[in-house]
Amino acid sequence: MNQKKDITLLAIETSCDETGVAVVRQEEHAVQVLGEAVASQIDIHKETGGVIPEVAAREHVRVIRPLIEKIMQESQVTGEDIDAIAVTVGPGLMPALSVGVQAARTLAYAWNKLIVPIHHLEGHVYSALLQKEENNRYTIVPDSFPALALIVSGGHTMLVHMPAHLQYRIIGTTRDDAVGEVFDKVARMLQLPYPGGPHVSRIAEEGDMTAYRLPRPMLDSHDLDFSYSGLKTAVLYAIRDMDPTTFEAQKPHLAASFEQAVVESLTAKVAMALTQNEYRTLLLAGGVAANARLRKELVNTASDHNVELRIAPITLCGDNATMIGLAAAFAYNAQRIQDWNKTDAMARTSLESFSVI
Ligand code: KG4
Ligand code: ZN
């Protein structure tokens with residue numbers, strides 16, 4: 001990055017059920033986070049066992065303005081210090097996305113600034129691509145490319161080939177449910193609270209992962225795609241066929257067997273992708289990147305294939321605005337910026353269309 005002066009960006013994320021705000025400053029070889037916060041709606045959505053888009057949107061509306069004011073104050077910046085406003089424009093829940101985009105449009109108009117539109121998944125990618133140091137500094141590691149990114153979240157399961165910064169080619173994706181979604185559905189079958197991923201993984205620690213023979217989805221498919229509906233059904237049948245009096249005792253074993261099947265399916269496809277191309281770096285990001293077993297297994301996969309593994313810090317695995325600011329630092333530099341009145345929320349939008357060629 002060789003801009004004339006340090007660039008300061010306000011970043012906003014409201015694609016699902018977390019309201020994220022951050023202020024980042026792009027320096028020569030690093031991005032400094034000046035302030036950041038995530039207001040989680042988990043307690044609200046727990047009651048319905050999932051996210052109702054309108055409820056999420058109403059909560060974003062309630063918290064976004066005070067959150068922006070608080071983070072700007074903590075970062076000791078005013079509207080004048082902000083060079084541009086970065087915002088997640090998609091994909092996500094339309095009512096939720098619209099709140100963040102509308103906030104960004106309003107501030108850009110009021111402060112006469114440009115907008116850096118960010119794809120939610122490039123945010124996740126950049127949370128792993130940069131190296132977190134002390135004092136909330138994220139350094140830009142030279143020679144990271146080509147990079148292979150595994151993005152695993154509640155909405156996406158994706159392998160992305162990156163020949164350079166801001167260049168994305170999707171080489172594998174899920175044919176049905178996303179990994180996080182399956183964790184959440186299996187959690188519901190096991191009568192665990194929402195969001196289920198962390199709960200499944202916690203009880204799995206005490207279980208025997210060989211207790212249930214569950215399918216390893218798509219291992220013979222010869223492509224890089226994923227599919228989880230078969231595995232989900234297999235878990236359902238295992239519960240149905242179980243003596244109900246043993247349910248509580250069996251839960252950890254079923255959770256561990258399920259988690260292992262998921263992890264094996266993911267690492268197998270990563271290994272396949274690593275043999276198809278020369279990669280320097282393997283990135284792991286998204287909500288499910290918080291999963292300890294997945295993190296551990298990917299360490300082995302990376303060392304087997306001689307690539308450097310970079311995993312998003314736990315604090316940036318879930319949705320947040322810091323990752324949007326990190327990606328935006330690069331997008332701003334590449335002039336991927338636009339006027340407020342050209343900026344709209346897009347519930348569905350492809351990561352590839354955000355590539356800078
Ligand atoms: O990236 P994220 O916060 O939101 C989306 O963009 O979707 O991902 C949330 C997903 C949820 O499905 C949640 O259950 C899952 O990540 N998750 C986990 C773990 N922590 C969060 N799944 C498995 N193991 C975990 N430790
Ligand atoms: Zn996400």
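Data for the structure
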{"quantity": "Pair list, Cβ under 6 Å, 6 or more apart: the stretch 21-34 residue within 12 Å of Ile82 (Cβ to Cβ) and at pLDDT below 95, other residue of a type in the set (A, V, I, L, M) and part of a strand (DSSP E or B)", "calculated": "none"}
{"quantity": "All strands (runs of 3 or more DSSP E) inside the stretch 93-152 with 3 or more residues being among the β-branched types (Val, Ile, Thr)", "calculated": "114-119"}
{"quantity": "Extreme residue, farthest from ligand 2 (Cβ to nearest atom), among residues of the stretch 281-291 that are more than 15 Å from Gly318 (Cβ to Cβ) and touching a helix residue (DSSP H, G or I) at 6+ places or on another chain (Cβ under 7 Å)", "calculated": "Leu282"}
{"quantity": "Qualifying residue in the stretch 16-28 (condition: touching an Asp or Glu at 6+ places or on another chain (Cβ under 7 Å), surrounded by fewer than 20 Cβ atoms within 10 Å (Cβ to Cβ) and under 17 Å from Glu133 (Cα atoms))", "calculated": "yes"}
{"quantity": "Selection within the stretch 1-25 - in a loop (DSSP other than H, G, I, E, B), within 15 Å of ligand 2 (Cβ to nearest atom) and charged (D, E, K, R)", "calculated": "Asp17"}
{"quantity": "Pair list, Cβ under 8 Å, 6 or more apart: the stretch 306-330 residue within 13 Å of Tyr138 (Cβ to Cβ), other residue part of a loop (DSSP other than H, G, I, E, B) and at pLDDT below 95", "calculated": "Ala329/Met1; Phe330/Met1"}
{"quantity": "Residue match in the stretch 41-57 (condition: under 17 Å from the mean Cα position of the chain (by Cα), within 16 Å of ligand 1 (Cβ to nearest atom) and surrounded by fewer than 16 Cβ atoms within 10 Å (Cβ to Cβ))", "calculated": "yes"}
{"quantity": "Scan of the stretch 105-134 for residues that are in contact with a Ser or Thr (Cβ under 7 Å, 6 or more places away or on another chain) and hydrophobic (A, V, I, L, M, F, W, C), ordered by number", "calculated": "Ile115, Ile118, Leu129, Leu130"}
{"quantity": "Hey, Thr88 at pLDDT 95 or above and more than 16 Å from ligand 1 (Cβ to nearest atom) or not", "calculated": "no"}
{"quantity": "Glu28 under 29 Å from His165 (Cβ atoms), in a loop (DSSP other than H, G, I, E, B) and not β-branched (Val, Ile, Thr)", "calculated": "yes"}
{"quantity": "Helices (runs of 4 or more DSSP H) (entirely within the stretch 154-263) containing at least 1 residues that are of a type in the set (Ser, Thr, Tyr) and closer than 30 Å to Leu283 by Cβ", "calculated": "197-204, 229-240"}
{"quantity": "Residues of the stretch 303-357 satisfying the condition of being charged (D, E, K, R), out of contact with any strand residue (DSSP E or B) (no Cβ under 6 Å at 6 or more places or on another chain) and assigned to a loop (DSSP other than H, G, I, E, B)", "calculated": "Arg336, Asp339, Asp344, Arg348"}
{"quantity": "Matching entry among Glu80, Glu122 (being within 12 Å of ligand 2 (Cβ to nearest atom) and closer than 15 Å to Leu9 by Cβ)", "calculated": "Glu122"}
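Every residue, every condition in (1) among the polar types (S, T, N, Q); (2) closer than 22 Å to Val288 by Cα; (3) surrounded by fewer than 17 Cβ atoms within 10 Å (Cβ to Cβ); (4) within 16 Å of ligand 2 (Cβ to nearest atom), yes or no:
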{"position": "His156", "(1), (2), (3), (4)": "no, yes, no, yes"}
{"position": "Leu166", "(1), (2), (3), (4)": "no, no, no, no"}
{"position": "Val179", "(1), (2), (3), (4)": "no, yes, no, yes"}
{"position": "Val182", "(1), (2), (3), (4)": "no, yes, no, yes"}
{"position": "Ala211", "(1), (2), (3), (4)": "no, no, yes, no"}
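The values are calculated or read from the model by the stated rules, or taken from the named source; none is laboratory data. Since this is a predicted model, take the numbers as computed values, not measurements. All Cβ positions, even for glycine, are placed from backbone atoms using ideal geometry, and neighbour counts span all protein chains on display.
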